[in-house]
1. About the Cα centre of the stretch 72-227, what is the dipole size in debye to 20, counting +1 per Lys and Arg Cβ and -1 per Asp and Glu Cβ, all else neutral?
2. Classify the stretch 72-227 as rounded, prolate or oblate from the Cα gyration tensor: take a ≥ b ≥ c as the square roots of its eigenvalues, call it rounded if a/c is under 1.5, otherwise prolate when a/b beats b/c and oblate if not.
3. In whole Å, what is the distance between the alpha-carbon centres of the stretch 389-403 and the stretch 128-154?
4. Is there a pair in LYS167/LYS493; LYS106/LYS266; LYS51/LYS167; LYS91/LYS383 whose C-alpha atoms are over 32 Å apart, and which pairs would that be?
5. For the stretch 79-171, what is the charge dipole size about the Cα centre, in debye to the nearest 20, if Lys and Arg each add +1 at the Cβ and Asp and Glu each add -1 at the Cβ?
6. Which of ILE177, VAL319, PHE111 sits farthest toward the positive end of the charge dipole of the chain, with +1 on the Cβ of Lys and Arg and -1 on the Cβ of Asp and Glu?
7. If you take the beta carbon distance between ASP219 and LYS459 as r and set R0 to 30 Å, what does 1/(1 + (r/R0)^6) give as a FRET efficiency, to the nearest 0.05?
8. Can you list which of the trypsin sites (Lys or Arg not before Pro) found in the stretch 364-414 are DSSP loop residues with at most 15 other C-beta atoms within 10 Å?
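What follows is calculated from the coordinates using simple rules that are stated; it is not laboratory data. Just so it is clear, the model here is predicted, and its values are computed rather than measured. Cβ atoms come from the backbone with ideal geometry, glycine included; neighbour counts cover every protein chain shown.
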Amino acid sequence: MKKLIYLLIGATVILSSCGGDQNDTNTNTQTAKGGVKYGGVFKMNETEDFKSLYPLNVTMALENRIANQVYEGLLKFDQENLSILPSLAEKWDVNEDATSYTFHLKKGVMFHDNNCFDGGTGREVKASDFKYCFDRICVSDPSNQMYWLFKDKVKGANEYHESVNNKTPLEGGVSGITVVDDYTLKIDLNYSFAGFLNIVAHNACYVYPKEAVDTYGMDMRINCVGTGPFRVKRIKESETVILDRNPGYWGTDEHGNQLPYLDGLKFSFNKEKKAELLEFKKGNLDMIFRLPLEMISDVVGELEDAKKGGNRPYVMQVVPALSVYYLGFQHKLPPFDNVDVRKAFNYAIDRESIVTYTLQGEGRPALHGIVPPFKGYDYENVKGYEFDTKKAKEHMAKAGFPNGNGFPDLTLQINPGGGDRNVQIAEVVQKMLNENLGIDIKIEQMQFAQHLENLETGKANFWRAGWIADYPDPENFLNLLYGAHVPDDISTKAYINAMRYQSSSFDSLFDIALREVDDAKRFELFRQVDQISVDEAAIMPIFYDENTRLIQVHVKNFPSNAMEYRDMTEVYFDFDDE
């Protein structure tokens, strides 16, 4: 599909209210310098509930799409090309071998007003706040899933982690994270790591005040105190999240206009993709992400009809995604502790058929490794699994299950999100495994929070998973298979390597790649690492995703990108174009 096409669908723009929470009729906008316009509430929908908006426990893409508007870090990504941009750091210095990073903070940036502060008024952000938050990344806590980002890399991270576990926390926290002065923070690494700026832009590195932690504790999952362009106004879980404009936001645009332009954001949580599309057509949503599979052909047909009628356009944005959809194997338990079983499953699946017929062309067959097509990365020279029933049966027989005889009972665990595609793909895989390997598998659906808990604690043997890049680097995908993330006890939570895949050849080469400063050499090493994971059938990749949006024509300055990274700071409405 083209990156940007105009979808002309005859529809009347009818926008609903926020139930009196704020004015979101989206008709009154004020023009500012440069032609941008202030006003309006941007309305979007998510098909799954969030579990937490606390930066160290944001593990779902939808959670980051909300938290990213409230919290900020030292750096952020460019919404169009995903390059690194300054955020609360106005500049930074990196030494020659990429082992030391110094960040210089903007002055005068204030935390949101909140009752956690004396008098309810937010205070200025200092380098010590980042030191506090970064130290917390290395603390074992039920609400912290992010230690893997600093583990082994940041000097003193492992030692501090162990000291906290032993209830004797080291004075001064993580030794490699140093407050130089109120506006300067220095981070020293154990080894050269050219990709560290990507990690600093990760949601785990957002800043929040100690006062909020002391006041709310675990309830920070919904009590958000950041510095971002929007503030949490109201959360009604499973129904709505309403954010309003931060009037004291530090940012301005190139013309000197204070950001953000929008009055607020409203997230609804309608679980039905068909209903979501209908709400968009009525004008009650300003965008939708991903189309219902069974309605894709209808939408394309409407496009063609609308072109002939000359109606006002909606905009469809389609970009290849830095995202892989895969099925996970539990390597520590039978039958997937047997590499031949894993290879048999991979050969038995017709990925091209799944993309063509089940996904209606919305994606690309995963015929390579875990890393999706990526600029500068030679993914085409990672040889994956083509559909081959002969090889599938040969490996099944080699594993001791000729024609599926004697194969144990097996359940494919999925979550019902992703619109309807998780269920449809699971059913197609179930059918292919039966026809090509002679085995029967059951499908079990459970809500995403329980789904994650099961697979991370070793209770699931075979499951649906996906990974959307946290940052644009092959390392972010290959890190899912790094053996250092696997605990000794299978009942201990394994995040992010829930497969508990461990390979000495993978790990040793991955370690070398991490330390390579030259990007071309680093990417080639990662390609070799990717090939090792394929050869050992670490996972069962199904397809590489595409990000598809429909947005209303009045939405401006909202480019799509491969991570579906959303920064609403400079998005605005212009109803004159309708």
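1. Its charge dipole is roughly 120 debye.
2. oblate
3. Answer, in whole Å: 45.
4. LYS91/LYS383, as the Cα separations exceed 32 Å there.
5. So the magnitude is around 120 debye.
6. In the chain, that residue is VAL319.
7. 0.65
8. Here the trypsin sites (Lys or Arg not before Pro) that fit, given the DSSP loop and packing criteria, are LYS375, LYS383.
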